1. For the stretch 74-89, name all the residues that are open to solvent by less than 70 Å² (accessible area, probe 1.4 Å) and over 14 Å from the mean Cα position of the chain (by Cα).
2. Can you tell me which residues in the stretch 48-68 are under 14 Å from the mean Cα position of the chain (by Cα) and among the polar types (S, T, N, Q)?
3. Quick one: what pairs do we get from the stretch 65-93, first residue within 21 Å of S38 (Cβ to Cβ), second at pLDDT 85 or above and charged (D, E, K, R), C-beta under 9 Å, 6+ apart or different chains?
4. Kindly provide the set of residues from the stretch 48-70 that are at pLDDT below 95 and open to solvent by 100 Å² or more (accessible area, probe 1.4 Å), ordered by number.
Amino acid sequence: MKLLMVLTLAALPLHCYAGSGCQLVDDVIEKTLDPEVSVPEFQQYVQEFTDSDAAKNAVGELKQCFLNQSNETLQNFDLMMQTIYNSIWCKPF
């Protein structure tokens, strides 16, 4: 499960780098980090990207991992994502 989470999160900046919609990625990350968003709400939000029950369950487990974290951890994760987005690797050429 941890490997799935790491691979999923590592792919998010690449999605931005590819130029396929950073606002979408920002919105998904915001909902991922928001402790007020429940697992079913999150699954509903990303349903267009989940093409199977296994994918829906994986998204639910990912969100639950974040719900289990402290606010400090969530803030640190958000800071890490902002650092990635502001890095030279995620800026357009």
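1. Once the filter is applied, which keeps residues that are open to solvent by less than 70 Å² (accessible area, probe 1.4 Å) and over 14 Å from the mean Cα position of the chain (by Cα), the stretch 74-89 yields only S87.
2. Across the stretch 48-68, the qualifying residues are T50, Q64.
3. Final answer for the pair search is F66/D34; L74/D34; D78/E30.
4. Hits for the stretch 48-70 are E48, F49, D51, D53.
The values are calculated or read from the model by the stated rules, or taken from the named source; none is laboratory data. Because the structure is predicted, anything quoted here is derived from the model rather than measured. When we count neighbours, we look across all protein chains shown, and the Cβ atoms used for this are built from the backbone with ideal geometry, even at glycine. Ligands, DNA and RNA are stripped out before the accessible areas are found, and what is left, the full protein with its side chains, is counted by its heavy atoms. Shrake-Rupley method; radii C 1.70, N 1.55, O 1.52, S 1.80 Å.
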